[in-house]
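First the structure, in the form of structure tokens, and then the observations on it.
The values are calculated or read from the model by the stated rules, or taken from the named source; none is laboratory data. On a predicted model such as this, the values are computed, not experimentally measured, just so you know. Virtual Cβ from ideal backbone geometry, glycine too; neighbours counted across all protein chains shown. Keep in mind that these areas ignore ligands, DNA and RNA; they rest on the heavy atoms of the full protein, side chains included. Shrake-Rupley method; radii C 1.70, N 1.55, O 1.52, S 1.80 Å.
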Amino acid sequence: MEELIRIKVEESIFFIKKGTPLSELLTELPFDQKPILFRSDGQLLDLSHPADRERAIFPVFSGDPEALEVLRHSAAHLLAHAVTDLFPGVQVGIGPSVENGFYYDFLRETPFTPEDLEAIESRMREIVNLNQPIKRLLLPKEEAIRIFKERGQELKVELIQEKGGAEVSCYTQGDFIDFCLGPHLPSTGYIQHFKLLSVSGAYWKGDESGPQLQRIYGTAFFSEKELEDYLNFLEEAKKRDHRHLGQALELYSTSEDLGGGLVIWHPRGAIIRHLIETFWKEEHLKDGYEFIYSPHIAKLDLWKRSGHTEFYEAMFPPLEFEGFKYQLKPMNCPFHIIAYKSRQRSYRELPLRWAELGTVYRYERSGVLHGLLRVRGFTQDDAHIFCRDDQLEEEIKSVIRLAIKLLSAFGFRDYGIYLATRPEKYVGRLEDWNKAEKALEEALKASGLPYQIDEGEGVFYGPKIDIKIKDAIGRLWQCTTVQLDFNLAERFDLSYVGADGNFHRPFLIHRALLGSMERFFGVLIEHYKGYFPLWLAPVQMVILPIADRHEAYARELQSRFQAEGLRVQVNDSREKINKKIREVEIQKIPLMGIVGDKEIGNNSLSLRIHGQGDLGQVEVERLLTRVKELVQSKSLEIKL
Ligand SMILES: [Zn+2]
Ligand SMILES: [Zn+2]
């Protein structure tokens, strides 16, 4: 007798034969849009999933976020299908969906060229037009291994041997087969709007000693409009790439002569850093911080006591001399703690707020280094706050206030704020965790900003707040961290003498507001697209004399502005004036003053402002006063 299975679809009940594809129910259902997947017990299923047991199923449509991942993963299969069609003998690795698209890894000696990508994309389109059904196959393990061996897909054989059960789930489309748990879209025709983007190197299973693969990246969407918008966004992001702008504007450099991930700040970048640091220091002093300077190495034993040797992976190997091992510092904390412990502290001197622009060194693998964003030596805008429990909430509130004040001064007004709470495994006392989590949340409430709680996502030694900033094209960048630490306080046995005459453990807060100078600078370059606001611009104005006889006047103006602390250059080269104007634009300098006979006659200059064009003659003293005001107020726009 045939077994009937009870399936609940939204509110309706159906009975269908066991093993029948669930998609057969679709004809009886009144959806105006065609579902592309089902969701059941929190899992996604193929439309063709066979009725296996009683379940409730819900339709998933192309607009749903989880559908996008399935589309992209299906596009990855499509990519591998096209590559194996066009390049026989290429082995395929893995092909997941990722944040903004998908990739697939391939083992092939010859590098894929841009022309290859075009050919692959055309082949993908042909397969889409064939609208081949994407089918799931359950194969006995031995048979699956045999099939992939026959096709020379040794990497897949390895994966099946490692991960496959007695029955192995595979997907086919046409003559292509992949080892995969799914789910997938019903057929290749669903993948209409996609684009291959780039090729980069990758290692098999991320292991640097293993075979090197080529990773082809692509993206896919459910509509052409979304695809176009995303491609435009990538175009815009490319124009803002800090590595390109950093070189073009001579802001910084890295070099293989130094070693990867080590940054030299050139004068035009260094002046910006100086201005950021000065602003940072002034604001910290206003908030009652004191400064600390600490060395770049310390005995390895210190890092043993702090626990870094045990749990912190990004440390360089130690140096050894005079019978002792020393460690390049990956963090500033132990130094501030040693300073705290230099004598007995009393409740009356807390809170102590100790800040340092502290340079740290972390071992990042060369493959992950990226411009200013992932480096091996960087300067954190660090501070450690030691306080009593009755001060905790106010301290955190003031950290959040300061963070928002600094970030908004640079033009960041949109944030992603996350509070990560106690994980399953933790150190410290439960009541301290509760107190700290409450203080963090109260501080966020007081800020009036929206935030999200990541339950259980805190690190083992304390809860934290992370603030990400949204840049000019909507990207979020990790920036501020406020982190409680019950571990170091314990390991270093921190104490103060309370009003009761007993020893108490202070709360220890680590916090960095900008993150690191390098990373923040990278983000700033991309956010401003190299057009720094007046107060940060390495050169604020260039003066262009029209002819030789106007040079002396140009120099006079330069001295006048420089005497007021402004950064002004004169371009008196023999180039044509239009070429000089173009040069100023390329250098992204905010103000340009052109001087000739008329300007000398009425003590003015002809002003051009970046993005605003020609403003005509402006009287010198009036301009000087206004520019000084704009710089002092850190104005992000130039309004005369
Ligand atoms: Zn798959
Ligand atoms: Zn710290």
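Quick notes
- Computed over region 435-481, the convex hull of the alpha-carbon atoms projects to a mean area of 3.9 nm².
- Electrostatic bookkeeping for G89 treats Lys and Arg as +1 and Asp and Glu as -1; over the other residues with beta carbon under 11 Å from its beta carbon, the sum is +1.
- Comparing H610, P35, S97 along the charge dipole axis of the chain, the residue lying farthest to the positive side is H610, per the Cβ-charge model.
- Backbone N under 16 Å from the H370 label point (7 Å along Cα→Cβ), restricted to region 99-123: 99-103
- Taken about its Cα centre, the chain carries a charge dipole of roughly 1600 debye when the Cβ of each Lys and Arg holds +1 and the Cβ of each Asp and Glu holds -1.
- Its Cα gyration tensor gives the chain an equivalent ellipsoid, and the semi-axes of that ellipsoid, as √(5λ) in whole Å with the largest first, are 52, 38, 25.
- 5 angstrom amide H check on M315, placed H, neighbours 5+ away: Y363
- Computed from phi, the 3J(HN,Hα) profile of region 266-278 under the Karplus parametrisation 6.51, -1.76, 1.60 (θ = phi - 60°) reads 7, x, 6, x, 5, 5, 5, 4, 4, 5, 5, 5, 5 Hz, with x in place of Gly and Pro.
- Distance (nanometres) between label positions extended 7 Å along Cα→Cβ at K34 and R413: 4.5
- Take region 240-375 with all the other protein chains still there, run a 1.4 Å probe, and you get 53 Å² of accessible area per residue.
- Taking the helices alone, the chain has a mean residue ellipticity at 222 nm of -10500 deg cm²/dmol, built from -39,500 (n - 2.57) per DSSP H run of at least 4 residues and averaged over all its residues.
- Per-residue HN-Hα couplings for region 455-461 [Karplus 6.51, -1.76, 1.60; θ = phi - 60°; Hz; x = Gly/Pro]: 4, x, 9, x, 7, 5, 9
- Inter-part distance where region 457-494 and region 201-216 are each reduced to a Cα centre, Å: 32
- Cα-based shape type of region 65-194, given that a ≥ b ≥ c are square roots of the gyration tensor eigenvalues and the cut on a/c is 1.5: oblate
- 18 Å reach of a label modelled at D597, 7 Å along Cα-to-Cβ, counting backbone N of region 549-565: 549-554
- Partner lysines for K425 [C-alpha distance under 30 Å; skip if fewer than 8 residues away on the same chain]: K163, K205, K299, K304, K329, K341, K397, K435, K438, K445, K464, K468
- P(r) of region 333-378 over all Cα-Cα pairs, binned every 10 Å from zero, in whole percent: 20, 35, 21, 18, 7
- Stretchable slack from E126 to E282, in nm (0.36 nm times residue separation minus alpha-carbon distance): 49.9 nm
- Karplus-derived 3J(HN,Hα) values for region 596-611, using 6.51 cos²θ - 1.76 cosθ + 1.60 with θ = phi - 60°, are x, 4, 4, 5, 5, x, 10, 6, 9, 9, 8, 9, 10, 10, 4, x Hz; glycine and proline are entered as x.
- Percent RCO, i.e. relative contact order, over region 486-526, from Cα pairs under 8 Å lying at least 6 residues apart: 28
- Gap separating the Cα centres of region 37-92 and region 355-398, nearest whole Å: 41
- Sites F15 and K445, calculated FRET efficiency, Cβ-Cβ separation with R0 56 Å, nearest 0.05: 0.60
- Listed residue (I297, S23, N232) projecting farthest to the positive dipole end of the chain, Cβ model: I297
- Alpha-carbon centroid distance for the pair region 17-32 / region 255-307, whole angstrom: 63
- Normalising the average separation of contacting C-alpha pairs (under 8 angstrom, six or more residues apart) by the number of residues puts the relative contact order of region 443-563 at 16 percent.
- Gyration tensor (alpha-carbon) shape descriptor, region 261-396, a/c threshold 1.5: oblate
- Average accessible surface area per residue within region 111-212, 1.4 Å rolling probe, Å²: 51
- The E228 and E637 beta-carbon pair, evaluated with R₀ = 30 Å, returns a calculated FRET efficiency of approximately 0.50.
- Inter-label distance for D389 and R549, nm, one decimal - labels placed 7 Å from Cα along Cα-to-Cβ: 8.3
- For G358, the residues whose amide H sits under 5 Å from its own are Q380, D382, ignoring neighbours fewer than 5 places away on the same chain, with H placed 1.01 Å from N.
- Under-5 Å amide H pairs with G416, H placed in peptide plane, nonlocal only: K468, I469, K470
- Excluding ligands, DNA and RNA, the accessible surface per residue across region 400-496 is 44 Å² with a 1.4 Å probe.
- Contact order for the chain, expressed relative to its length and based on alpha carbon pairs under 8 Å spaced 6+ residues apart, stands at 8 percent.
- Shape class for region 493-577: prolate, because the ratio a/c of the largest to smallest gyration tensor axis (alpha-carbon atoms, square roots of eigenvalues) is 1.5 or more and a/b beats b/c.
- Selected from I453, A489, H504, residue furthest toward positive end of dipole (region 409-520; charges at beta carbon): I453
- Element breakdown for the chain at a 1.4 angstrom probe: carbon and sulfur atoms account for 50% of the accessible area.
- Exposure ranking of K397, K163 by accessible area [1.4 Å probe, largest first]: K163, K397
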